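**Student:** The structure that follows is given in the form of C-alpha cells.
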Amino acid sequence: MGKIGGNRKIYIRGVESLERVFIALGSNLSPRGVHLAEAREMLKHIAVGGWKESPIYETPPVGPVGQGPYFNQVVSFWYTRGKDHLLNYLKGTELFLGRKPRGHWQAREIDLDLLYHGETISKGRPTLPHPEATKRQFVLVPLCDIAPDWIDPLVGRSVQELLVELQTTESPLHFRKVEENEL
C-alpha cells in the first residue's frame with residue numbers, strides 16, 4: 001500500500017479507489033473531549049484501515065472574542081468512497097453529534113473539516129485541499145504528528161515544510177497537549 005507520506009493512490013477491484021484522507025476535529029463547547037471521542041467513533045465506522053490519530057491539543061480560539069479554547073486533533077484513514085460522500089458524512093455527523101448553527105467562526109460542539117482526500121484537487125464543494133489547512137497552525141501541528149511527510153498536492157510541499165514556513169511568518173500559537181485525565 002505504500003507509506004503514508006507517499007501520496008499513493010491504491011486501486012482495488014470493485015472499489016472506486018482507496019484514498020488516504022485527513023480530517024481535522026475541533027470543539028470548544030463542553031464536554032470537548034467527549035465531542036471529539038464521539039466524532040472519532042463515527043469516523044471509525046467508515047474507515048477501511050490505516051487509522052491514525054494525533055494527540056489532542058488545546059489551542060486559543062480563532063474568531064470572535066469571548067469563546068473558550070478549542071480541543072483540536074487530526075485523524076487519518078483509508079477511505080473507499082468519493083469526496084462528496086465523505087463531506088456529506090462529515091456534515092451529517094456534526095448534526096448527529098449535536099452541532100447547532102451559530103454562524104461562521106462561532107463556538108461549536110464539534111467541527112469536522114475534510115483537509116485532504118488523497119491527491120484530489122477540486123474547487124466548489126468540497127474545495128480540496130481545504131483552502132485554510134496550510135494557514136492554520138492548529139491544523140498543521142497535529143497533522144505533522146501523524147504525517148509530516150504528506151505532500152500537499154496543490155503546493156507540492158510537505159506539511160512539515162508548510163508548518164515551519166507558517167511559524168516563521170506568524171507567531172507560534174500556544175499549544176498544550178491534553179492529558180488523558182482531562183478528557
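**Student:** I need the full set of residues from region 130-163 which are assigned to a loop (DSSP other than H, G, I, E, B) and surrounded by 14 or more Cβ atoms within 10 Å (Cβ to Cβ), in order please.
**Tutor:** Step one: of region 130-163, the residues assigned to a loop (DSSP other than H, G, I, E, B) are 130-132, 136, 147-150, 153-156.
The answer is H130, R136, A147, P148, D149, W150, P153, L154.
**Student:** Checking R125 against (1) of a type in the set (K, R); (2) loosely packed, with under 15 Cβ neighbours inside 10 Å; (3) free of Cβ contacts under 8 Å to residues at least 24 places away in the same chain, which test does it fail?
**Tutor:** (3)
**Student:** Something else: Scan region 77-100 and report the pairs whose first residue is outside any helix (DSSP H, G or I) and surrounded by fewer than 14 Cβ atoms within 10 Å (Cβ to Cβ) and whose second residue is modelled with pLDDT of 95 or more and not basic (K, R), with Cβ atoms within less than 6 Å and a gap of 6+ or a chain change.
**Tutor:** Close Cβ pairs satisfying both conditions: G98/E109.
**Student:** L166: under 13 Å from the mean Cα position of the chain (by Cα), surrounded by 14 or more Cβ atoms within 10 Å (Cβ to Cβ) and assigned to a helix (DSSP H, G or I), yes or no?
**Tutor:** Values: under 13 Å from the mean Cα position of the chain (by Cα): no; surrounded by 14 or more Cβ atoms within 10 Å (Cβ to Cβ): yes; assigned to a helix (DSSP H, G or I): yes.
Answer is no for this residue.
**Student:** Just give me the residues in region 24-55 being closer than 17 Å to K177 by Cβ, surrounded by fewer than 23 Cβ atoms within 10 Å (Cβ to Cβ) and touching a helix residue (DSSP H, G or I) at 6+ places or on another chain (Cβ under 7 Å), in sequence order.
**Tutor:** Once the filter is applied, which keeps residues that are closer than 17 Å to K177 by Cβ, surrounded by fewer than 23 Cβ atoms within 10 Å (Cβ to Cβ) and touching a helix residue (DSSP H, G or I) at 6+ places or on another chain (Cβ under 7 Å), region 24-55 yields G33, K52, E53, S54, P55.
The values are calculated or read from the model by the stated rules, or taken from the named source; none is laboratory data. Quantities reported herein were computed from a predicted structural model and do not represent experimental measurements. In this analysis, Cβ positions are derived from the backbone assuming ideal geometry, glycine residues included, and neighbour counts consider all displayed protein chains.
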